[in-house]
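Take a look at the structure below.
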Amino acid sequence: MGSRMAQRLLAAGHSVIGYNRTKSKAQGLLDAGMQWGESPRSVAMAAEIIFSMVTNTEALQTITSGPNGILAGLAPGKIYIDMSTVSPAASREIARQVEAKGAQMLDAPVSGSVITLEEGKLSIMVGGDPQTFERALPILQAIGPKVTHVGANGLAVSMKIATNLSLAVQMLAFSEGVLLAQKSGIARATAVEVLLNSVIASPMVKYRGPFVLNMPDEAWFDVNMMQKDLLLALEMGRQLDVPLPSTAVTNEMLTTARGMGLAEKDFAILFEALARMAGVKTEKSE
């Protein structure tokens with residue numbers, strides 16, 4: 001996702017300098033005109049607006065801290081935008097450290113898939129200072145057309161977690177419907193077609209529902225990543241006294257998928273895990 005965002009910035013005519021832990025994975029961007037930074041610090045020193053997108057809270061803390069971290073390269077007037085889905089409390093703490101450098105931080109996670117991004121339909125939610133948001137808005141709109149300021153630092157990450165829990169819950173419910181229809185005697189492909197043209201077909205279900213017929217070899221968003229987000233949601237629910245029963249059940253099903261050796265598959269593999277429990281054979285289980 002991050003590399004495709006960089007591609008959109010390059011395509012919009014922006015000068016981009018980037019860093020990735022594995023340089024070879026950035027070769028396509030370098031060929032497209034991106035400059036190479038030797039560390040997060042060097043990128044932060046060279047750029048006016050710095051973006052990051054990593055897998056979890058620990059990874060974010062790693063790239064921001066230390067002598068070669070983003071914080072070490074910040075200076076007054078710079079804007080740091082983190083697009084990762086991480087702990088809201090950790091995001092707010094980093095924002096405080098950024099402000100101590102005279103810079104400003106925005107948390108700006110996205111809603112959408114690789115396909116949504118490539119089609120230019122990505123939605124971005126942003127938390128942080130309103131004036132900083134206005135400064136960064138044109139750059140953010142080069143990545144995705146729908147950019148919404150939701151409040152103070154950490155609130156965009158909270159909104160993203162609140163959004164992502166529904167993705168997994170919907171996928172589990174969709175899988176239940178398909179399997180119930182299939183075991184009653186309806187062809188799986190027919191059940192999928194009917195559901196995808198029914199009132200339950202959200203945008204996510206429309207693009208991920210077909211995975212129950214043909215699971216991609218490369219995960220768009222794997223089981224471990226989705227479970228990380230559900231655990232963040234459950235922790236928020238505990239802190240805020242919000243019961244999340246469907247999230248808790250779906251989290252257990254993701255654990256089931258991991259126990260079946262499916263952790264690296266797209267989280268739509270929930271169908272496979274449920275199918276095995278239901279005694280239904282799929283291509284993956286045959």
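The values are calculated or read from the model by the stated rules, or taken from the named source; none is laboratory data. Computed from a predicted structure; not experimentally measured. Using ideal geometry, Cβ is built from the backbone for each residue, glycine included, and neighbour counts are taken over all protein chains shown. Side chains included, ligands, DNA and RNA excluded: accessible areas come from the protein's heavy atoms. Shrake-Rupley method; radii C 1.70, N 1.55, O 1.52, S 1.80 Å.
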Exercise for review: Output the residues belonging to the stretch 143-153 that are under 15 Å from ARG8 (Cα atoms) and either more than 18 Å from the chain's Cα centre (by Cα) or surrounded by 20 or more Cβ atoms within 10 Å (Cβ to Cβ) (or both).
Suggested key: ILE143, GLY144
Review point. So which pairs qualify, if the first residue must be in the stretch 156-171 and closer than 9 Å to MET125 by Cβ, the second must be basic (Lys, Arg), the Cβ gap must be under 9 Å, and the two must be at least 6 apart or on different chains?
Key: VAL157/ARG92
Revision key, fill the gap. Counting only residues in the stretch 244-273 that are acidic (Asp, Glu) and open to solvent by less than 40 Å² (accessible area, probe 1.4 Å), the one nearest to VAL212 (Cα to Cα) is identified as GLU272
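Every residue in the stretch 32-54 that is closer than 19 Å to ALA108 by Cβ and in a helix (DSSP H, G or I), please.
In the first step, residues of the stretch 32-54 are kept if they are closer than 19 Å to ALA108 by Cβ; the result is 40, 43-44, 47-54.
Answer for the stretch 32-54, where residues must be closer than 19 Å to ALA108 by Cβ and in a helix (DSSP H, G or I): PRO40, VAL43, ALA44.
Taking the stretch 230-257 on its own, how many of its residues are under 25 Å from VAL192 (Cβ atoms) and not aliphatic (A, V, I, L, M)? Don't jump to the end; show me each part of the working.
Pass one, the stretch 230-257, residues under 25 Å from VAL192 (Cβ atoms): 230, 246-247, 249-254, 256-257.
Then drop every residue that is not not aliphatic (A, V, I, L, M), which leaves 246-247, 250-252, 256.
Number satisfying all stated conditions: 6.
If only one of GLN239, GLN131 is among the polar types (S, T, N, Q) and under 22 Å from ASN56 (Cβ atoms), which one is it? So that I can check it myself, show each step before the final result.
Details: GLN131 fails: under 22 Å from ASN56 (Cβ atoms).
Exactly one residue qualifies, and that residue is GLN239.
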Check your understanding: Hey, does the stretch 55-65 have a residue that's at negative phi, surrounded by 20 or more Cβ atoms within 10 Å (Cβ to Cβ), modelled with pLDDT of 95 or more and not in a helix (DSSP H, G or I)?
Key -> no
**Study point:** the stretch 207-243 - residue that is of a type outside the set (Gly, Ala, Ser), free of Cβ contacts under 8 Å to residues at least 60 places away in the same chain and touching a Leu at 6+ places or on another chain (Cβ under 7 Å) and, of those, surrounded by the most Cβ atoms within 10 Å (Cβ to Cβ)
**Key:** VAL223
**Study point:** Only listed residue being over 19 Å from LYS265 (Cβ atoms), surrounded by 23 or more Cβ atoms within 10 Å (Cβ to Cβ) and among the small types (Gly, Ala, Ser), chosen from ALA168, ALA156
**Key:** ALA156
Check your understanding: Residues of the stretch 7-31 being open to solvent by less than 90 Å² (accessible area, probe 1.4 Å) and in a loop (DSSP other than H, G, I, E, B), which ones?
Key -> ALA12, GLY13, HIS14, VAL16, ASN20, THR22
